[in-house]
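A.B. asks: Would you mind keeping the following structure in view while I ask a few things?
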Amino acid sequence: PKPCEVTPAIIMKTYACQRRTPLKHHNSFLTEPLEILAENAEFSENEGRSIAFRRSAAVLKALPHVVRAMDELKDLPCLGEHSLRVIKEILEDGTSSEVESTRQSEQFQAMKALTGVFGVGVRTADRWFREGLRSPLDLIHTGQKLNHAQQAGVQHYNDLNTPVTKKEAMVISDIVERAVKAVLPGAIIILTGGFRRGKEVGHDVDFLITHPEEGAEERLMPKIVNWLEEQGLLLYQKTTRNSYLESKDGPARPPSNMDRFERCFSIFKLEQSKMDSDTQVEASSYNSSTTDGPEERHSGSRWRAVRVDLVVSPYSQFAFATLGWTGSKLFERELRRWAGQEKGMSLSSHALYDSKQQRYLQANSEEEIFAHLGLEYIPPSERNA
Ligand code: TTP
Ligand code: MN
Ligand code: MN
Ligand code: MN
């Protein structure tokens, strides 16, 4: 080694969409605790606080080395006083007392369990918590009034809280392809969400569907859903119509980060192959002991419930939809913040509007969208902020 070699300074950009964030990084021992605090802030509907912790964690995920001392952090953006305090405690003591007491708290654990029910958001979980409920079983025992989604969520609680593997995602991809090809030949289907970013497991499987002939994709979802239902592949589905076409202001900025595509939140009934079932017998028999119907488990066919999101986009919006549905959620949020604050533009999963030029900027690929935004292209595998 040369005698006067210096460690080059790490240049850490402020927005997560300006940085490469790989899936596997070096600082989980810091990011996981910070994300516990972020999650806890979400449970108390303190969004600002939650975002601050998530931004701190994202900076540490982008570092090319393990953090060992506080002075390594002095030139990094986004690290607020509270996050720094937590990091310092972990570096010195191995754990943070605030994080550990949060993890142990009855409220955190109950909120985690209750929001873990498909169809239950923070508001509902919080109301139940204040009424003394702590777990999905309490919902059954106290005879809570549940909507259809929540009923399915309770019924398949264990399955839906068992991570979906890449292998299962591939089996579901094949099914979705068969369904879509059967009802609209020539359609294009891509896997989005965490699996597109290279994750090994996910909480669901996300798909985006389009057709090169603009308009051919209209009202496609009910046909896909019918096909799947005829094959007995769906345990639950809720289809929402495209509200973008129908909004009277045309393709103006959608009010929130919720997009308006035709979409389907569903639960698939995934048959488990002989090979898999040999290794999963134990897992599914203890699964069935709580909420999943035991009679179904004993009937010979082994299956499990998996959450699947289907989204249909017109071809002209496909690049925006692909970018918007690939995530991560923080990466998406940062892209929109960058567009608004730094570029005077408005980005959604439908379009990019340039306020200065007062016009929409077209794009046929994600690369073109990054270019419009003046950002270096970040591939999906590096969007794991
Ligand atoms: P998720 O499926 O919630 O998250 P994920 O796939 O990144 O992680 P996991 O493995 O836990 O499933 O969302 C995927 C992307 O879809 C996310 O970037 C945000 C986007 N999205 C929308 O654009 N609109 C929505 O209404 C929802 C729910 C998600
Ligand atoms: Mn590395
Ligand atoms: Mn997902
Ligand atoms: Mn999803």
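A.B. asks: Where does each of 85-97, 52-64 land if you order them by average Cβ count within 10 Å, highest first?
C.D. replies: Sorting 85-97, 52-64 by mean packing, highest first, produces 52-64, 85-97.
A.B. asks: How do Ser301, Ser381, Ser173 line up, fewest other C-beta atoms within 10 Å first?
C.D. replies: Ser301, Ser381, Ser173
A.B. asks: Straight-line reach only, C-alpha to C-alpha below 12 angstrom: list the aspartates and glutamates that Lys167 could link to, leaving out same-chain residues fewer than 8 apart.
C.D. replies: Answer for Lys167, where 12 Å is the Cα cut-off: Glu200, Asp276, listed by chain and number.
A.B. asks: Taking only DSSP H segments of four or more residues, each worth -39500 (n - 2.57), what value at 222 nm results for the chain once the sum is divided by all its residues, to the nearest 500 deg cm²/dmol?
C.D. replies: -13000 deg cm²/dmol
A.B. asks: Let me ask something else. Which of Met12, Met170, Met111 has the fewest other C-beta atoms within 10 Å, and how do the rest follow up to the most? Mind showing how you got there, number by number?
C.D. replies: Numbers: Met12 17, Met170 12, Met111 23.
With the sparsest Cβ surroundings first, the list reads Met170, Met12, Met111.
A.B. asks: Under a point-charge model restricted to the Cβ atoms of Lys and Arg (+1) and Asp and Glu (-1), what is the dipole moment magnitude of the stretch 84-194 relative to its Cα centre, in debye to the nearest 20?
C.D. replies: 420 debye
A.B. asks: Return the percentage of antiparallel bridges among DSSP beta bridges fully within the chain, rounded to the nearest 5 %. Don't skip to the answer; put the middle values down first.
C.D. replies: Numbers: 27 of 33 bridges.
Of all bridge pairs located within the chain, approximately 80 percent are antiparallel.
A.B. asks: What order, most packed first, do the peptides 341-353, 228-240 have when packing is the mean number of other Cβ atoms within 10 Å of each residue?
C.D. replies: Top of the packing list down: 341-353, 228-240.
A.B. asks: Tally Lys/Arg at +1 and Asp/Glu at -1 over every other residue whose Cβ is under 11 Å from the Cβ of Glu100; what's the total?
C.D. replies: -2
A.B. asks: Lysines within cross-link reach of Lys74: Cα-Cα under 18 Å, excluding same-chain residues under 8 positions apart?
C.D. replies: Straight-line reach from Lys74, under 18 Å: Lys13, Lys61, Lys88.
A.B. asks: Whole-Hz ³J(HN,Hα) for each residue in the stretch 21-32, computed from phi via Karplus 6.51 cos²θ - 1.76 cosθ + 1.60 with θ = phi - 60°, x for glycine and proline: what do you get?
C.D. replies: Couplings: 10, x, 5, 9, 9, 10, 10, 4, 4, 9, 6, 4 Hz.
A.B. asks: Considering the dipole of the stretch 3-102 built from charges on the beta carbon (Lys and Arg +1, Asp and Glu -1) around the Cα centre, which of Ala16, Thr95, Leu60 is farthest to its positive end?
C.D. replies: Ala16
A.B. asks: Check the straight Cα-Cα distances from Lys356 and name the aspartates and glutamates below 14 Å, setting aside those fewer than 8 residues away within the same chain.
C.D. replies: In chain and number order, the partners are Glu342.
A.B. asks: Could you quote the convex hull projected area for the chain, Cα atoms only and averaged over all directions, in nm²?
C.D. replies: On the way: hull surface 94.5 nm².
Reported value for the Cα convex hull: 23.6 nm².
Here, each number is a calculation from the coordinates, and none is a lab measurement. The structure presented is a predicted model; accordingly, all values stated were derived computationally and were not measured. Positions of Cβ are backbone-derived with ideal geometry, glycine not excepted, and every protein chain shown enters the neighbour counts.
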